[in-house]
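None of the figures in this text is laboratory data; all of them are computed from the coordinates on show. All of these numbers come straight from a predicted model, not from anything done at the bench. A quick note on method: Cβ atoms are made from the backbone with ideal geometry, for glycine too, and the neighbour counts reach across all protein chains shown.
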């Protein structure tokens, strides 16, 4: 049980997740759920190295199976995908589909005959390549299904995903916002999801993947400051709405 999401931005991508992990029905603990993988380009003048592609991954479900999925993802997808060869959505999706099916057959399907007793693994994957042309892609993986979700501009996984999508739709979230603006909106949506959905909680981890394929994590203290500020804004808006609602009809 968790909430994790990826969002396209005007100048990059944002990936976010909660940090609560359910250990037993009575016990919960913190767990980082975002992984960033980068590939160095050839050295440039002066010996400086830059990244030519960056992949952000967040998982939901049973943590051990998510960890195994991520390990195999590096070997079966990332090592075979060459973003320098004018990457395409179809090429990346084919590699993901082949690996997801292989993983499902080996670790999920044979675990139990009853699908309700099988471990759950959901993945959101963001990929950005900075070569001659900026290439960005986003996928949602659920067992052996691989879905490209670029048309919406954001995708969420885990038990909190329906609430995340509802709030994102209500706020008209789209890729026209800057990465900083998107990170602020993501902090608000994630805070709402954590307050409404059981199993989603802990701190919110937000990572911005910049247009040059570098990345940075938003400090937890800054995310908490945003959550407090957003709560104040929401209170003022609700108060104003209530005053309008109690006006008598003409």
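General observations
- For the chain, the relative contact order works out to 28 percent when only alpha carbon pairs closer than 8 Å and six or more residues apart are counted.
- Put in order of Cβ neighbour count within 10 Å, fewest first, the listed residues 229, 154 become 229, 154.
- In degrees, nearest ten, helix 220-245 long axis to first principal axis of the chain (Cα): 40
- With 10 Å bins from 0: P(r) over segment 124-250, alpha-carbon pairs, percent: 10, 35, 35, 14, 5, 1, 0
- Given R0 = 30 Å, the distance between the Cβ atoms of residue 181 and residue 67 translates into a calculated FRET efficiency of 0.40.
- Extent along principal axes [Cα atoms of the chain; Å; largest to smallest]: 65, 55, 35
- Under the simplified labelling scheme, the residue 145-residue 50 pair shows an inter-label distance of 3.9 nm, with each label point 7 Å from Cα along Cα→Cβ.
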